[in-house]
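No lab work stands behind these numbers, since they all come straight from the coordinates. Because the structure is a prediction, the values reported are computed rather than measured. Cβ coordinates were reconstructed from backbone atoms using ideal geometry, including for glycine residues, and neighbour counts include every protein chain displayed.
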Amino acid sequence: MLTALRLARGFAMDGLRINEVRPPPTLAPRHLPRLDAETLGRAAIARAALQAGVDVVRPSPEKPRIVSSAHGALRHLLLCYPSYAGGDDVYRDVFVDLFRQLPRDVELTVVAHASVVEDLRQAVEAARSQAKTTVVEAPDYLGYTVWAEDPYVVVDDVESDPPRSFLVEPFTFPRAGDSILAELVAEASAIQSIQSPLYFQGGNILIADDLVLIGVDYLYETLETLTRYQPVLGLPDEPGQAREFVIDLFRKTFDPERAFFFVGTRLRAPDVETRPVTIDGEEWTEVIYAGTGLQQPIFHIDMFVSLTGRGESGSYRVLVGSPAEADRILRRPTLPHAMSELFDDVARQMEAQGFEVLRNPLPLTYVDDEAARERFWYFATSNNCLVQIDETEGDHVWLPTYGHGAWSDLAATDDANRQMWEELGFTVHQLADFNVFAQNLGSVHCIKKYLARE
């Protein structure tokens, strides 16, 4: 009889199926989004605290410090060398030139497809035989790209003993092959990989001495992403509070001791556009506004902003690219799709934030595809460079160049950018032809990741 009563309470014959015992809050449905790193960390500490004699293990940095984009001597770089970088082509030539021009004491970690490992080994030995280089072999089927800068940021834990470094990944990353790179590097080194609830890409973040610049689009995209998971993350309802919540989350994840500034324009950036054009009497298509953001003239700030250190006034000094200045040097009119007014507004916004802003030439140019009858417009950026600001080893900059072959006119803007950096006290290293990279919306800053500085 007792058994029958118990069965009746668990399975009512009138069709209702009611649990008398409520499931605990920790028994969340498995299909819900994963909790953020902070919540997971608190749960791990709580569990460990209940077990006497068991050490607390923290899977994320206790006191994170993000690795600078400019300050401190270069010590360790990560590069990606996919299969299309092997052989006698322009990609390989650019890498070999970079290997040769980097300081000999800079350690390299290079992710390479298995099919080009031997080619890479020969290239490195020829260019820097005395330098330390680790090759991380990736399977040929993994479709990662050359853009090592984007899928993560590098954060050190300044409280850990021994020291630990982390590749902090965003909540999601659109290039699937690149999203695997952090795990490959973590498996092959002492660097650890963790994921954050933020939306970001490395190229839209620049880290100075005591401040961090982030492209403003990622503030809004993170807000939009987290709003979808508000019950889990505890995002405040009020827009102003939600914005501060996200800014504080960036600060806690990357570096709580640095000031954070968001870079962009108050103007709406145009969407990519294709339109008909007549070239040599033939009907072609031209692509303009490729790579714009929402409130950024280019989707990553490292394409048009460079860090140069503190000026005499004590304010932080940046270069902001100017298509109009490039056109003045090249003695040509400024085209509407150069978006000069957007770059000018970015410069004004940064001055209003307290930065010392200098304008450097940022030429708009194009590449033609005869087979497709398409003309593609792009920025030949010198802002996308490697910077070292260091009292002991000196101030150096490695600048991409574009004044080659059909783009020989750009030698004038290459030279103007070189002179600007020299006047700021930097030793300038001019690199090989980066046109092919810029035509794919990146340059030398995009093909590396700073893993460590002095």
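One quarter of the convex hull surface, Cα atoms only: what value does that give for the chain in nm²?
Numbers: hull surface 122.8 nm².
Reported value for the Cα convex hull: 30.7 nm².
Between the helical axis of 117-128 and the dominant principal axis of the chain, each derived from Cα atoms, what acute angle in degrees is found, rounded to the nearest 10? Tilt of helix 117-128: around 50 degrees.
Would you kindly state the longest site-free stretch of the chain, with sites defined as trypsin sites (Lys or Arg not before Pro) in a DSSP loop (not H, G, I, E, B) surrounded by at most 16 other Cβ atoms within 10 Å? Let's see the in-between values first.
Details: sites that count: Arg17, Arg30, Arg34, Arg104, Lys132, Arg175, Arg228, Arg266, Arg268, Arg331, Arg373.
The longest uninterrupted stretch comes out as 374-454.
Just so you know, the Cα atoms of segment 345-385 work out to an Rg and Dmax of 15.7, 49 Å. Rounded to the nearest 0.05, what FRET efficiency do Glu282 and Glu341 have when you use their Cβ-Cβ distance and R0 = 30 Å? The computed FRET efficiency comes out at 0.40.
Treating each Cα of segment 142-223 as an identical point scatterer and summing with the Debye formula, the log10 of I(q)/I(0) at q = 0.14, 0.22, 0.25 Å⁻¹ comes to -0.50, -1.14, -1.31. Extension gain for Glu374-Asp161 works out to 71.1 nm (0.36 nm per residue, less the C-alpha to C-alpha distance).
The angle between the Cα long axis of helix 239-254 and the longest principal axis of the Cα atoms of the chain comes to about 80 degrees, rounded to the nearest 10. For segment 154-227 versus segment 288-332, the spacing of their alpha-carbon centroids is 24 Å. Could you state the angle between the C-alpha long axis of helix 216-227 and the longest principal axis of the C-alpha atoms of the chain, as a value from 0 to 90 degrees rounded to the nearest 10? The answer is roughly 20 degrees.
Where both bridge residues fall in the chain, DSSP classifies roughly 50% of the beta bridges as antiparallel. Return the loop-located chymotrypsin sites (Phe, Trp or Tyr not before Pro) in segment 168-252 (DSSP other than H, G, I, E, B) with at most 11 other Cβ atoms within 10 Å of their own Cβ; answer none if there are none. Here no loop site has a sparse enough neighbourhood.
Over segment 334-426, what lengths in whole Å, largest first, do the semi-axes of the equivalent ellipsoid take, defined as the square roots of 5 times the eigenvalues of the alpha-carbon gyration tensor?
Working: eigenvalues 156, 78, 21 Å².
Each semi-axis is √(5λ); the values are 28, 20, 10 Å.
Using a 7 Å offset from Cα along Cα-Cβ at Asp390, what residues in segment 185-219 end up with backbone N under 19 Å from the label point? It comes to 207-210, nothing else.
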